[in-house]
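The values are calculated or read from the model by the stated rules, or taken from the named source; none is laboratory data. It should be emphasised that the depicted structure is a prediction, and the values quoted were computed from it without experimental measurement. Every residue, glycine as well, gets a Cβ built from its backbone with ideal geometry; the counts of neighbours run over all protein chains shown. Heavy atoms of the whole protein, side chains included, go into the accessibility calculation; ligands, DNA and RNA do not. Shrake-Rupley method; radii C 1.70, N 1.55, O 1.52, S 1.80 Å.
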Amino acid sequence: MNYECILVETVGAGARKTGLIRLNRPKALNALSDPLMDELGHALKAFDADEGIGCIVLTGSEKAFAAGADIPTLMQHDFMSAFNSQLISKNWEHILQVRKPVLGAVQGFCLGGGCELAMMCDVLYAADTAKFGQPEIKLGVIPGGGGTQRLPRWVGKSKAMDLLLTGRMMGAEEAERSGLVARVIPAAELMDEVLKAAETINGYAAPVVALMKQLTNQAFEVPLTQGVQIERGMFHAVFGTANQKEGMDAFLNKRAPNWPQP
Ligand code: HXC
């Protein structure tokens with residue numbers, strides 16, 4: 001597939017590399033058009049299937065991660081066309097099928113659908129320039145990519161209501177305080193730091209990384225007791241893998257682990 005709205009590259013020096021995807025519609029602040037979301041889904045799927053890739057980093061530009069869904073396109077829809085064309089449902093959630101960790105690196109505007117896409121990443125790192133918000137209310141609409149559901153889970157009900165009902169933007173420090181982002185990093189260092197985190201993850205045993213991601217995301221889907229039971233079952237299961245033997249043997253023998261190939 002020839003990409004026109006995203007830039008895709010493979011980075012890193014280790015055995016497993018990082019798949020880097022940059023949203024790239026600079027004139028529209030990376031507004032998430034249909035073609036962009038199709039391309040993003042395709043690139044995510046390709047990196048997920050590539051055994052040479054450990055994890056994926058999703059980012060935008062200095063000015064914007066993404067300023068939302070593409071407003072001129074949305075403007076053309078009525079109810080029937082939105083329903084019949086499966087607006088949003090058809091190409092926004094490929095990211096949720098990815099088994100490898102997806103790290104979001106946010107600079108500048110991260111608004112509306114942009115914030116919703118960011119919240120579908122597994123972990124978010126923000127530059128000190130990042131601004132998050134769900135301004136749909138100012139356009140006379142509501143979020144359609146999970147904003148009313150994921151935002152309260154990330155930042156709590158009161159902060160989510162404040163953001164959703166006022167449409168205001170929240171800076172990086174506030175986003176970190178409220179749990180939306182893992183870390184705030186000076187803009188000039190953001191990509192280096194995120195790629196460093198990615199490289200650390202790439203160095204671990206791939207099936208264990210995938211399991212860790214799956215179980216952690218499951219914390220938002222199942223009741224606590226059930227989640228802990230599933231974790232316990234998986235914890236017992238990892239004792240049947242060569243990764244556990246290698247990791248613990250390496251520790252006890254004071255050497256670096258040499259993870260078996262998946
Ligand atoms: C299409 C957009 C856009 C968007 C900005 N642009 N946001 N185009 N869709 N979501 C375009 C502008 O029209 C403009 O194009 C160019 O990007 C630069 O934007 P400016 O407004 O000139 O920049 P600035 O003054 O710096 O203001 C930045 C901004 C503002 C605060 C981010 O652009 C803004 O408020 N954008 C809309 C944000 C928003 O409402 N997002 C939610 C969308 S609805 P031209 O051609 O004029 O230079 C949504 C629903 C999701 O996301 C539901 C399903 C997932």
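Semi-axes of the equivalent ellipsoid of region 40-165: what are they in whole Å, largest first, if each equals the square root of 5 times a C-alpha gyration tensor eigenvalue?
Whole-Å semi-axes of the equivalent ellipsoid: 24, 20, 13.
Describe numerically, in nm with one decimal, the distance between label points set 7 Å from Cα along Cα→Cβ at ALA182 and at ALA242.
The two pseudo-label positions are separated by 2.8 nm.
With both bridge residues required to lie in the chain, what share of the DSSP beta bridges run antiparallel, to the nearest 5%?
Around 25 percent of the beta bridges assigned by DSSP in the chain are antiparallel ones.
Hey, could you get me the Stokes-Einstein D for region 120-184, Kirkwood radius over alpha-carbon pairs, 4 °C and 1.567 mPa s, rounded to whole µm² s⁻¹?
Reported coefficient: 109 µm²/s.
Going by accessible area, probe 1.4 Å, with all protein chains left in place, what is the ranking of LEU7, LEU252, largest first?
LEU252, LEU7
Which value, in Å³ per residue, describes the convex hull spanned by the Cα atoms of region 206-253?
Hull volume over Cα atoms, normalised by residue count, gives 72 Å³.
With all protein chains present, how much of the accessible area of region 145-262 (probe radius 1.4 Å) comes from carbon and sulfur, to the nearest whole percent?
Exposed carbon and sulfur together represent 60 percent of the surface.
Going by amide H atoms built from the backbone, whose H comes under 5 Å of the H on ILE53, apart from near neighbours?
Placed amide hydrogens put LYS17 under 5 Å from ILE53.
Given a 10 angstrom Cα cut-off, can you work out which residue in GLN97, GLN134, GLN214 is the most mobile in a GNM of the chain?
GLN97
Viscosity 0.890 mPa s, temperature 25 °C: give me the Stokes-Einstein translational D for region 169-220 in µm²/s, with Rh taken as the Kirkwood radius over C-alpha pairs.
188 µm²/s
Which three extents, in whole angstrom, do the alpha-carbon atoms of region 126-262 cover along their principal axes, largest first?
Projected onto its principal axes, the Cα set of region 126-262 covers 59, 40, 22 Å.
Measuring with a 1.4 Å probe in the full set of protein chains, what accessible area per residue, in whole Å², belongs to the chain?
That works out to 54 Å² for each residue.
What is the extension gain from VAL222 to ASN258, computed as 0.36 nm multiplied by their sequence separation minus the C-alpha to C-alpha distance, in nm to one decimal?
So the extension gain works out to 9.5 nm.
Compare ASP38, ASP128, ASP78 in a GNM of the chain, Cα atoms joined below 10 Å, and give the one with the largest fluctuation.
Comparing ASP38, ASP128, ASP78 in the GNM, the peak value goes to ASP78.
Which residue fluctuates the most in the chain, going by a Gaussian network model with Cα springs under 10 Å, if the choices are PHE235, PHE79, PHE65?
Result for the chain, Cα springs under 10 Å: PHE79 fluctuates most.
Among all lysine pairs in the chain that are eight or more places apart or on different chains, how many have alpha carbons less than 24 angstrom apart?
Eligible lysine pairs with Cα atoms under 24 Å apart amount to 28.
Hey, could you grab the Kirkwood Rh for the chain? Inverse mean 1/r over distinct alpha carbon pairs, Å, one decimal.
Over the chain, the inverse of the mean reciprocal pair distance is 19.4 Å.
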